[in-house]
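A.B. asks: Provided herewith is a single structure, encoded as structure tokens, for subsequent inquiry.
Quick note: the coordinates plus some simple rules give every number you see, no bench work behind them. Since we're looking at a predicted model, the values are computed, not measured.
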Amino acid sequence: MKNKYITVLDFEVGKVFQYETMGEGWNPDSESIEDFLSSVGHNLSNCEWMVHEDGQVITKDAKWTRFTN
């Protein structure tokens, strides 16, 4: 079962947050996701979010490699 993640760029606090979801079959609409994000304290007018399958977070300490197709 492949989990999905919601990653939030919260400009109000200057941090990146990542939430793990329930996995395969999880497919809520944007309104449900935004309701969740509001419930955990994000100000939707001052953040951006995306849903994705790769939970890896690249940090400033990560080894840089070239991106290839």
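A.B. asks: Output ³J(HN,Hα) for the stretch 2-13: one whole-Hz value per residue in order, computed from phi by the Karplus curve 6.51 cos²θ - 1.76 cosθ + 1.60 with θ = phi - 60°, and x for Gly and Pro.
C.D. replies: Once rounded to whole Hz, the list reads 8, 7, 10, 10, 10, 10, 10, 9, 9, 6, 5, 10.
A.B. asks: Lys2: which aspartates and glutamates have alpha carbons under 19 Å from its alpha carbon, excluding same-chain residues fewer than 8 sequence positions away?
C.D. replies: Glu20, Glu24, Asp29, Glu53, Asp54
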